[in-house]
Structure formats: C-alpha cells, structure tokens
C-alpha cells in the first residue's frame with residue numbers, strides 16, 4: 001500500500017496542533033487496514049492514518065511531540081510505567097487488544113488498588129496470576145460493547161463536528177455486490193476499505 005508520507009505527516013501534525021492532550025498509538029496491520037498511527041485527543045476525538053510500515057509509524061508518532069511512544073516489542077511496558085511513575089504504577093489500565101501478554105502487562109503495570117478494564121475480546125483462554133490481583137487489591141472488570149450512558153456524549157461530539165463519522169465510510173455498494181465488493185474486500189489482507197455500507201435499493205452497476 002503506497003502512502004503519501006508528507007500528506008499523512010501534515011494531517012497528523014495539524015491534529016496535534018489544534019487539539020489538547022493528544023496521545024499517539026501505533027496499530028499493527030489487520031485484515032482491513034495497514035499499519036496505522038492513531039491520535040486521540042483529551043475529549044475522545046480521534047484520527048487515523050496509514051503509515052506504510054511499522055518502522056515508519058513509530059518514527060512518525062515520535063516526531064509529533066505527544067510524549068512517549070513505547071514499542072512493546074522492544075520495551076518492558078510494565079517496568080517503563082513503574083519507572084515513569086516513581087514505582088507507583090498506573091491508576092487505571094484499559095486492555096484493548098484481547099491479547100494474553102497485554103493482560104499480563106496490565107496487571108503488572110497498574111498500581112495497588114488500581115483498576116483494569118478488559119475491553120479487548122479474547123478468542124482463547126488467557127493465563128494470569130490471580131494472586132497478584134489479591135495481593136495488590138486490583139480490580140479487573142470486563143465490559144461488553146458500550147453503556148448507553150456514553151451515547152449522549154458521543155452524539156454531542158458528532159453534532160458539534162468533533163467526530164467526523166462520515167469519514168469512516170469508505171465505500172457504498174448495492175446489495176447485489178455485497179459479497180464481491182463488500183465482504184471479500186474487507187477480508188482481503190490487501191483490501192483498502194474500512195467500513196462499507198450496503199444500499200438495498202441501489203442496482204448493481206455490472
């Protein structure tokens with residue numbers, strides 16, 4: 001996937017300059033996206049851009065003046081968090097990947113009496129040390145989807161133009177083409193679509 005690095009850098013730099021409390025994350029490639037840099041502002045507004053490669057993504061994220069961008073394959077994240085908090089640990093950790101190692105890291109990184117929210121969906125059993133939860137009074141809570149109390153805030157962000165949700169939709173196809181131009185493209189490792197809407201009334205162009 002070819003990426004216009006200058007356009008990506010310009011967009012992300014503009015986002016950082018015009019928002020407060022921006023944090024950067026590098027997301028590995030998935031079935032529907034290449035390696036991307038995600039920026040999230042203090043109020044939840046976010047943007048994402050493809051970066052071309054893992055190395056380019058980390059270099060780009062680190063150049064944006066958004067604080068530390070840690071590569072978990074190169075750094076002991078739990079030890080790094082403890083070191084940067086003078087041995088205390090994080091007040092709260094949100095585990096979003098559904099990865100066993102990430103859950104273990106969350107338990108090691110959170111402070112005594114801290115909280116862990118497990119939002120990533122694990123597809124297989126994950127091994128942890130429950131004694132750590134007891135020894136340090138750690139609360140580990142699972143969550144499924146989103147509470148309805150979040151919706152008024154999200155609707156307000158959309159109404160004020162802070163969440164440009166229309167940009168998430170990358171294609172609209174007729175029902176007759178849903179397999180070829182919908183599911184197959186989304187499942188392809190080289191596909192370039194993120195969210196495809198189906199128009200039940202539109203006729204196929206073919």
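The values are calculated or read from the model by the stated rules, or taken from the named source; none is laboratory data. Everything quoted here is computed from the prediction, not taken from an experiment. Every residue, glycine as well, gets a Cβ built from its backbone with ideal geometry; the counts of neighbours run over all protein chains shown.
Are any of the residues in segment 159-168 in contact (Cβ under 8 Å) with a residue 24 or more places away in the chain and surrounded by 13 or more Cβ atoms within 10 Å (Cβ to Cβ)?
Looking through segment 159-168, at least one residue is in contact (Cβ under 8 Å) with a residue 24 or more places away in the chain and surrounded by 13 or more Cβ atoms within 10 Å (Cβ to Cβ).
For residue 104, state whether it is in contact (Cβ under 8 Å) with a residue 12 or more places away in the chain and under 27 Å from residue 201 (Cβ atoms).
no
Okay, residues lined up against (1) in contact with a strand residue (DSSP E or B) (Cβ under 8 Å, 6 or more places away or on another chain); (2) assigned by TED's automatic domain parsing to the domain that holds residue 10; (3) at pLDDT 95 or above; (4) exposed (fewer than 13 other Cβ atoms within 10 Å of the Cβ):
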{"residue": "58", "(1), (2), (3), (4)": "yes, yes, no, no"}
{"residue": "65", "(1), (2), (3), (4)": "no, yes, no, yes"}
{"residue": "81", "(1), (2), (3), (4)": "yes, no, no, no"}
{"residue": "99", "(1), (2), (3), (4)": "no, no, no, no"}
{"residue": "107", "(1), (2), (3), (4)": "yes, no, yes, no"}
{"residue": "126", "(1), (2), (3), (4)": "no, no, no, no"}
{"residue": "132", "(1), (2), (3), (4)": "no, no, yes, no"}
{"residue": "136", "(1), (2), (3), (4)": "yes, no, yes, no"}
{"residue": "147", "(1), (2), (3), (4)": "no, no, no, yes"}
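Looking at residue 196, is it within 27 Å of residue 45 (Cβ to Cβ) and surrounded by 10 or more Cβ atoms within 10 Å (Cβ to Cβ)?
The answer is yes for residue 196.
Restricting attention to segment 6-45, report how many residues are touching a helix residue (DSSP H, G or I) at 6+ places or on another chain (Cβ under 9 Å), free of Cβ contacts under 8 Å to residues at least 24 places away in the same chain and farther than 23 Å from residue 73 by Cα.
Residues in segment 6-45 being touching a helix residue (DSSP H, G or I) at 6+ places or on another chain (Cβ under 9 Å), free of Cβ contacts under 8 Å to residues at least 24 places away in the same chain and farther than 23 Å from residue 73 by Cα: 0 in total.
May I ask you to verify whether residue 47 is part of a strand (DSSP E or B), under 21 Å from residue 167 (Cα atoms) and modelled with pLDDT under 90?
Numbers: part of a strand (DSSP E or B): yes; under 21 Å from residue 167 (Cα atoms): yes; modelled with pLDDT under 90: yes.
Spelling it out, residue 47 is indeed part of a strand (DSSP E or B), under 21 Å from residue 167 (Cα atoms) and modelled with pLDDT under 90.
Output the residues belonging to segment 50-79 that are touching a residue at least 40 places away in the same chain (Cβ under 8 Å) and assigned to a helix (DSSP H, G or I).
Passing the criteria: 56, 60.
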